[in-house]
1. Looking at 349, 372, can you tell me which residue is more than 23 Å from residue 459 (Cβ to Cβ) and buried (at least 24 other Cβ atoms within 10 Å of the Cβ)?
2. Output the residues belonging to region 490-522 that are touching a helix residue (DSSP H, G or I) at 6+ places or on another chain (Cβ under 9 Å) and over 17 Å from residue 451 (Cβ atoms).
3. Restricting to region 551-585, name every residue that is more than 30 Å from residue 3 (Cα to Cα), in a helix (DSSP H, G or I) and within 16 Å of the ligand (Cβ to nearest atom).
4. Name the residue, out of 548, 588, that is modelled with pLDDT under 95, away from the ligand (no atom under 16 Å from the Cβ) and either touching a helix residue (DSSP H, G or I) at 6+ places or on another chain (Cβ under 7 Å) or under 18 Å from residue 435 (Cα atoms) (or both).
5. Go through region 288-309 and count every residue that is touching a residue at least 40 places away in the same chain (Cβ under 8 Å) and away from the ligand (no atom under 16 Å from the Cβ).
6. Within the bounds of region 523-540, is there any residue that is over 14 Å from residue 451 (Cα atoms), touching a strand residue (DSSP E or B) at 6+ places or on another chain (Cβ under 9 Å) and free of Cβ contacts under 8 Å to residues at least 24 places away in the same chain?
7. If you take the residues of region 331-346 that are near the ligand (Cβ under 9 Å from one of its atoms) and assigned to a loop (DSSP other than H, G, I, E, B), which of them is surrounded by the most Cβ atoms within 10 Å (Cβ to Cβ)?
8. Just the residues that are surrounded by fewer than 22 Cβ atoms within 10 Å (Cβ to Cβ) and either closer than 19 Å to residue 399 by Cβ or within 16 Å of the ligand (Cβ to nearest atom) (or both), please, taken from region 312-325.
Ligand code: M6R
């Protein structure tokens, strides 16, 4: 993971511009950060700090940053602990680099470079040393950079500055994104378009097997034989991605309250993409693949397709599916789900499906992402930028896209036109759930439990899994989700009067079985919070959240998670944890 940024040219307060960009990239990792620049004496200067970007900002304030050429980085640690020496930029005598990705042959390269002294444990350091080594064996820095890139294995987006090359940043990428734009007297490179000035509307995507050379007001592209080639520019409305907290205390809370808008905007977009030019009736099976919260949407998608279309559908965790025996053929449709569109495991799954000749459709919130670019078809989510690490509104919007897709498959199989009226969004119920005060209060109770289990059956089990993930990732309270009928097969051993069970019941077909499961819990002294559109015997329920009875359990998958998103948020606040930036996590996981 990690975020990288580079800027070259005349720019007032260049260090502040870079820091602001790092704040925008902080969602990619926030273990440590740093900048490197070429000063007026043509020397490389480096400033690094551990912890949040604000630590770097304070550190930079104690230095003079006089330059027209600067690279910057925010890190999510993979190789090597969180420390200043492992923070980027990494250096050798004549070079500084920033890197996003993983160099898989770094041990081998380190052996080759045994005349260099390595100061840290980070795989990226080898890039700086290798570039230095190649500089001494090349006519130009460009040639040295190209040699370096050819020797690297793994995934990377790299920016490199070289002592003496006062006005140049070298860039290359493989499997990690990097974009470039021109703005006034500057040229900028970044892991995400979000950092580009809002006045820009055109950017270049650096392709794999290309070298990009940024000079003052000039962007040049070369192939790996160093022939100059033409870059491809793309249009983009950067403003779409600029977000602010408004009056909310955290992005997570704001994003939960964005859910109605995310659903509404996504629905409008889906309506206009009704011409999805793909024969959906011919597929015998649909595979949904994703990671984390997006995987729970994948489960929702598979459940909806099976329930509504009566064809086989399966959900897979991307990191598992890529290493599992491949059981698919050209008559299977693959649906990849990803908020960022940059999740490495999901991209690998897409590549595997394509290698097997399968059609891939992606559901993503990031229209310019790698996943979207590699997919045969895209079903867009318009949830707006999601900043908090814990995914909320995008989950609801992805579930809506799944519902749309399932209805579309159903209609085409029956040779009918899709009737969008079949997709109902109950905004009244959503508003009621958003405005309820219960979760804020209940957070005071929840923090007293050390063991929490979420229960549900079929579609409710999916919501239970997502609820448990939300609670874990931002409160660090251990919880697990179980199908309600599975508890008695082992986990019941853990239930006692210090256990809280949070149970979902939205389908009347499962009432009797839920009553049995909760009776088993109550007999062991467990406490129960029930989220349901039904009323169960009082003796089984200690606390309850009422869900509306007017919707099908399938439609409820668009919003029944809301109370648990809120409960996770308020519990994190109660425990004094930052819900937007949970420890050890990053928003976009671009490594395998
Ligand atoms: O960007 P993606 O949707 O592909 O991300 C997948 C997961 O990494 C992500 O959903 C993660 O589980 C979130 N932290 C969940 O809140």
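1. 349
2. Hits for region 490-522 are 504, 505, 506, 507, 508, 509, 510, 513, 514, 515, 516, 519.
3. 562, 564, 567
4. Result: 548 is the single residue among 548, 588 that is modelled with pLDDT under 95, away from the ligand (no atom under 16 Å from the Cβ) and either touching a helix residue (DSSP H, G or I) at 6+ places or on another chain (Cβ under 7 Å) or under 18 Å from residue 435 (Cα atoms) (or both).
5. Residues in region 288-309 being touching a residue at least 40 places away in the same chain (Cβ under 8 Å) and away from the ligand (no atom under 16 Å from the Cβ): 6 in total.
6. Checked against the condition, which is being over 14 Å from residue 451 (Cα atoms), touching a strand residue (DSSP E or B) at 6+ places or on another chain (Cβ under 9 Å) and free of Cβ contacts under 8 Å to residues at least 24 places away in the same chain, region 523-540 yields at least one hit.
7. 339
8. Of everything in region 312-325, those that are surrounded by fewer than 22 Cβ atoms within 10 Å (Cβ to Cβ) and either closer than 19 Å to residue 399 by Cβ or within 16 Å of the ligand (Cβ to nearest atom) (or both) turn out to be 314, 316, 317, 319, 320, 322.
The values are calculated or read from the model by the stated rules, or taken from the named source; none is laboratory data. Since the model is a prediction, treat every value here as computed from it, not as a measurement. Don't worry about glycine lacking a Cβ; one is built from the backbone with ideal geometry, like all the others, and counts go over all protein chains shown.
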